[in-house]
1. Fewest first, what order do I104, I252, I182 take by the number of other Cβ atoms within 10 Å?
2. Out of every Cα-Cα pair in the range 115-282, what percent are more than 29 Å apart?
3. Share of antiparallel DSSP beta bridges in the chain, in percent to the nearest 5?
4. Applying the Karplus parametrisation 6.51 cos²θ - 1.76 cosθ + 1.60 with θ = phi - 60° to the phi angles of the range 177-186, what ³J(HN,Hα) value in whole Hz is obtained for each residue in order, glycine and proline being reported as x?
5. Treat the count of other C-beta atoms within 10 Å as a stand-in for reagent exposure and order D203, D249, D51, D26 from fewest to most.
6. Mind pulling the per residue volume of the convex hull built on the Cα atoms of the range 187-285? Å³ is fine.
7. Compute the long axis of helix 225-235 from its Cα atoms, compare it with the longest principal axis of the Cα atoms of the chain, and write down the angle in degrees, 0 to 90, nearest 10.
8. Rounded to the nearest 5, what % of DSSP beta bridges with both residues in the range 115-282 are antiparallel?
Amino acid sequence: MIRVFIDGKAGTTGLRIYERLEKRDDVSVISLSERFRKDPAARKEAMNDADVVFLCLPDDAAREAAAFVENPATVVIDASTAHRTAEGWAYGFAELSAAHRARIRSSKRIANPGCYASGFLALVYPLIASGVASAETRFVCHAVSGYSGAGNKGIAQYEAAERDASLKTPRLYALGLSHKHIPEMMQVSGLKRKPVFNPYICDFYSGMSVSVPVFLCDLRAGTSVASLEELYRAQYAGSRFLSVSRSEDGYIAANTLVGSNRMQIFVNGNEEQALLTACFDNLGKGASGAAVQNMNLALGLDEGKGLDEGAGV
């Protein structure tokens, strides 16, 4: 039986991880009573008694909690931003390359990717790794997310009986063009230039689309919409959770994969420009689903165990 402790189970990501694991017959979740839920000594004991620890905490708290784990056999998977660019931590996006997958399998410290970063990297990493784009390419990224990404406080704000009218519309934020996901977007992709990142929070619970528009003349000579689509098909061939799709009606909805650990890549455009889009659940492949997938890989299990749910709505 795999013993799991979720530090921060009351949060959105922690709760979703718990919901996925409680359905499995090979996992036992260690629980603390309300009295000891925030007690450092009780948490430390639970962590070192576990085979796997999920950290679903604010960054500073995650750094503190990671230091509690002294058992060399315990796998720590951090869902916060704290360790995504840290030395000694595997970056938990197995589909990016064979090297990423191998490192996750062999690591005891795994940083779960950010939701926006997952979409950006799924699109940009293959471009730079293949030489289609250079590390000096200037990228722009637009993204929309359901309000669940704002955490419990944000969820309560959006679901309040009386709320500000502005919450009914998409709201652009990170106006200073400095978002906490940008460091991992750059480091993992190999970018040397900071991308312009425009995220929106919207009036739907969960789901996400991340788009990167590009001028084909900024890419390797001869690059076309068709060749980009082929690049992504080759990159994610055989992947259980990532696939290349085409819009059937000329639209891409951000909530089509809610409840799943899947991600769809779309390549659209014309002779001069391409629009690259990743669509997924910010609480699935963007958070809890990816975390469980990383646990499976680190323990040598089938990576899809407990994640073969349907595509959502």
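1. I252, I182, I104
2. I get 20 percent for the Cα pairs in the range 115-282 exceeding 29 Å.
3. Given both bridge residues lie in the chain, the antiparallel proportion sits at roughly 45 percent.
4. Per-residue couplings from phi come out as 6, 9, 10, 5, 7, 4, x, 6, 4, 6 Hz.
5. Ranking D203, D249, D51, D26 by Cβ neighbours within 10 Å, fewest first, gives D249, D26, D203, D51.
6. Numbers: hull volume 13.0 nm³, N = 99.
Value for the range 187-285: 132 Å³ per residue.
7. 30 degrees
8. Roughly 65 percent of the beta bridges in the range 115-282 run antiparallel, per DSSP.
Laboratory data are not the source of any read-out in this text; all were calculated from the coordinates shown. In this text, all values refer to a predicted model and were calculated from it rather than measured experimentally. Heads up, the Cβs are rebuilt from the backbone with ideal geometry, glycines too, and the neighbour counts pull from every protein chain shown.
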